[in-house]
Every structure is written in C-alpha cells, then in structure tokens.
Amino acid sequence: MEESVQLAKTVPFAAKQTRTEFPVLLDRVRELKPIFRDSARDTETNRRVSKKTMDLLRDAELTKLVRPARFGGFEYGLTELAQIAFELGSVCGSTGWCGSLAMCYQWMTSFFPLEGQRDVWSDPDNLVAGSYNPSKECEIVPGGIKLAGTWAYASNCENSQWIMLGALLQNAKGPPDVMWCLVPMADAVVDHAYSKSAGRASPLKAYYVERNRLYTVIKNFPFSMLALVKFYAFARYFWHLLFMMTRTGKAAEFRESGHPPWLLPFLVFAVP
C-alpha cells in the first residue's frame with residue numbers, strides 16, 4: 001500500500017438527535033444473541049465475522065454507541081460498551097471481539113482532527129478497524145501523508161471502510177514521532193495469514209495455548225509457586241475432559257474432530 005491520503009470534501013455536522021436509551025440497545029443485542037450463537041461455528045470455520053453480523057449490529061444502532069453526538073452517535077461510555085461486548089461474547093467470542101472493536105474505534109476516531117472525522121463519517125454507516133504496529137515508511141507530503149508497509153492483527157478489517165494504522169515519522173532532531181493514520185480500506189490489501197493459536201480446536205492449538213500460558217506464569221510469578229503450575233494446569237484440563245465427555249464447549253469440539261481424550265493432559269505435560 002502506497003498512497004497519498006487526501007482530505008475529502010467537508011460535509012456539515014449531522015443534526016444532534018435524541019439518543020436511544022441504553023436499556024433499549026441492550027434488549028436489541030439480547031434479541032440478536034440466538035442468531036450469533038447459531039452462526040458461531042460458521043464464523044470460526046470462515047475465520048471471520050460475517051458482513052451480515054456487522055449489518056445486524058449497525059441496524060440495531062450499536063455502532064453508534066460511543067460515537068460523538070455531532071456525527072449522529074449516542075456518546076455512551078466504556079461501561080455500556082463493555083456490557084454490550086459481554087452479551088455478544090457470551091454466544092460467540094469472535095463476534096464479541098469484532099463487535100466491540102467496531103464500536104470502540106468509533107470512539108477512537110473522535111480523537112482525530114475534525115477534518116478526519118468528517119472524512120470517516122461522511123457516510124454514517126462507515127466502520128473503522130485498526131492495527132497499531134507502526135511502519136517506518138511514512139512521510140508528510142503536500143496534501144496528506146504518504147504511507148506504506150504491512151500491518152498485522154487488523155481484526156474486522158474485512159467489514160470496515162477505514163483503518164487506523166500506526167506509523168513512525170522520522171525526526172532529524174530525535175526519536176521518531178509515533179502517529180496513527182486514518183486510511184481508506186480501498187487503499188489497502190488484506191492478506192490473511194494462518195495463526196497457530198486460532199481456528200478450530202486441535203492438538204497444535206492446545207499445545208500453543210498451554211505453552212503461552214506457562215511462559216506468562218514463569219515471567220510473572222515467584223519461583224516458589226512454579227512447581228505448582230503443572231498441577232493447576234492438570235486440574236484445569238480435568239474439567240476440559242469432563243466437558244469433553246458431556247460434549248460441551250471447545251473440549252467437545254476437540255473430541256468431535258477425532259482427537260482422543262487422553263491427548264489433552266499429555267499436551268499439558270509435554271510443554272517444556
């Protein structure tokens with residue numbers, strides 16, 4: 001991606017409207033939960049939240065939750081956002097994650113200058129995604145910013161019309177300046193890469209999840225507690241085995257994929 005980002009034509013502010021009461025919004029998301037629960041397996045198989053899901057959230061006015069009122073938003077706080085995200089995540093983790101990002105980035109966009117906000121919300125249905133890992137290929141040019149590079153972990157970018165990208169602007173007098181740039185998704189190319197800890201339940205996924213959890217414990221817990229880590233992990237996987245037998249949760253999916261029950265505790269103790 002290498003483009004000069006130009007400011008769009010200025011549009012007038014949207015007239016301030018009476019916001020929908022939060023209990024109404026909460027009821028709407030609860031009414032949608034059966035739909036998201038039924039589509040959770042397809043979401044995981046396709047490795048993305050569908051456009052239909054985002055359209056349902058938009059139609060329920062949830063993407064306006066923390067958007068500035070001058071651009072048609074409701075200006076609720078992060079407490080209300082967390083409540084909505086909890087409801088979504090209780091039936092589909094991916095929908096909870098991407099749905100909360102679709103709402104949160106509406107708030108983060110409000111920290112940009114008004115010209116940038118007008119560009120994004122010239123269409124009030126626009127959604128914003130983001131990736132913070134900064135690129136060094138950035139320079140100020142007449143009329144905008146010239147930006148190039150590759151950014152990872154841009155959740156929900158397939159359903160977004162704009163993306164917020166990290167950048168490092170070189171500074172001859174000292175360390176580079178850290179920037180966030182708003183870029184139209186039409187100027188970017190989405191490259192899907194496989195994640196070892198994502199996708200359907202598998203031995204490889206279980207191994208990496210347990211390894212990362214163990215490394216986190218070693219890094220943060222005192223040495224005297226490390227000897228107990230394996231036993232706590234074994235106790236946790238005992239419950240996974242129980243869920244596997246009762247065919248509930250991700251452990252059931254592990255079994256349904258053809259993996260034997262004894263493999264889970266083996267993976268726990270196989271982590272170095």
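The values are calculated or read from the model by the stated rules, or taken from the named source; none is laboratory data. Please read these numbers as outputs of a predicted model, since none were measured by experiment. We place every Cβ from the backbone using ideal geometry, glycine too, and count neighbours over all the protein chains shown.
Of note:
- Whichever residue in segment 159-188 is β-branched (V, I, T) and buried (at least 16 other Cβ atoms within 10 Å of the Cβ) and, among such residues, is modelled with the highest pLDDT: I163
- The requirement of being without any contact (Cβ under 8 Å) to a residue 40 or more places away in the chain and under 22 Å from Q106 (Cβ atoms) is not satisfied by D177.
- Test: E21 is under 18 Å from the mean Cα position of the chain (by Cα) and over 23 Å from M164 (Cα atoms): no
- Boolean, L228 is farther than 30 Å from V91 by Cα, at pLDDT below 75 and not assigned by TED's automatic domain parsing to the domain that holds F112: yes
- Residue selection: A85 satisfies the criterion of being in contact with a helix residue (DSSP H, G or I) (Cβ under 7 Å, 6 or more places away or on another chain) and not aromatic (F, W, Y).
- Checking each residue in segment 146-182 for being over 15 Å from N133 (Cα atoms), hydrophobic (A, V, I, L, M, F, W, C) and in a strand (DSSP E or B) picks out only W162.
- Entry remark, segment 67-86: residues being outside any helix (DSSP H, G or I) and farther than 21 Å from K33 by Cβ number 6 in total.
- If you go through segment 108-127 and keep only what is assigned to a helix (DSSP H, G or I) and without any contact (Cβ under 8 Å) to a residue 24 or more places away in the chain, you end up with just L114.
- Filtering G130, G96 for residues that are surrounded by 19 or more Cβ atoms within 10 Å (Cβ to Cβ), free of Cβ contacts under 8 Å to residues at least 24 places away in the same chain, within 22 Å of E61 (Cα to Cα) and under 19 Å from the mean Cα position of the chain (by Cα) leaves a single hit, G96.
- Residue check for T20: surrounded by fewer than 17 Cβ atoms within 10 Å (Cβ to Cβ), free of Cβ contacts under 8 Å to residues at least 12 places away in the same chain and among the polar types (S, T, N, Q): no
- Cβ pairs under 6 Å, 6+ apart, first in segment 68-84 and more than 22 Å from W97 (Cα to Cα), second hydrophobic (A, V, I, L, M, F, W, C) and at pLDDT 95 or above: F71/W121
- Filter pass, Y105 being part of a helix (DSSP H, G or I), at pLDDT 95 or above and either of a type in the set (F, W, Y) or in the same structural domain as C157 (by TED's automatic domain parsing) (or both): yes
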